[in-house]
Amino acid sequence: MTVALQRRARGKQAYLSGSVAEDRVVAQYAVLGVPVVARRWRGAGAEVDLILRDGETLVFTEVKAARTHDQAIARLQQAQMRRIYNAAELYLANEPLGQLTEVRFDVALYDRHGTVQIVENAFGHF
C-alpha cells in the first residue's frame, strides 16, 4: 500500500470514528432535551462539530475522542478554541439577536468505552 493510500485510509478511519463519537454525543444531548441545530458547521476556517439549542442558549460543542477523557480534553488547544469562537461569531450573525444571543461553549469527551462526558462552559471569550 502506498503512503498516499495509507494516509487516505487513516483519514477515512478518523472520519468514521469522529462520526460515531458525534452520534453518541448527539444522543446524550437528546437525553438532556437539547436538540441539534447543525452538525459540522463550517465558517472562518473552522468547523464546529455540533451546534445545539438549550432553551434560549446556543451551544457550540467540540467533540474530542481518545482512549480516555483526560487524553481527549488534552487535545483541545487554545488556537482551536479561538477558531471555534470566531466561527461562532459568524454563525451568530444570522441569528435574530445576533451577538446578543446567549451562547455556551461545551466540550464533549468520548472515550474508548463509548462513554460520553459533556463539559459545559469549557471555554469562553478570548
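Structure data summary
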item: Karplus 3J(HN,Hα) series, Hz, for region 60-72 with 6.51 cos²θ - 1.76 cosθ + 1.60 (x for Gly, Pro); result: 9, 10, 9, 9, 10, 10, 6, 4, 10, 5, 4, 5, 5
item: Hz values of 3J(HN,Hα) by residue in region 31-36 - Karplus curve (6.51, -1.76, 1.60), Gly and Pro given as x; result: 4, 7, x, 10, x, 7
item: Kirkwood Rh, Cα atoms: Rg over Rh of region 3-119; result: 0.99
item: Percent of beta bridges antiparallel (DSSP, region 3-119, rounded to nearest 5); result: 65 percent
item: At most 10 other Cβ within 10 Å, DSSP loop - GluC sites (Glu not before Pro), region 30-74; result: 56
item: Restricting region 23-126 to trypsin sites (Lys or Arg not before Pro) in coil, as DSSP defines it, with at most 13 other Cβ within 10 Å; result: 67, 75, 112
item: Spatial separation of Cα centroids for region 17-71 and region 73-126, in angstrom; result: 9 Å
item: For region 83-88, 3J(HN,Hα) per residue [Karplus equation, 6.51 cos²θ - 1.76 cosθ + 1.60, θ = phi - 60°, Hz, x = Gly/Pro]; result: 5, 5, 4, 5, 5, 4
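Read-outs: derived from the displayed coordinates by stated rules, not from any lab. Treat the numbers as computed from the prediction; the structure is a model and nothing was measured. Virtual Cβ from ideal backbone geometry, glycine too; neighbours counted across all protein chains shown.
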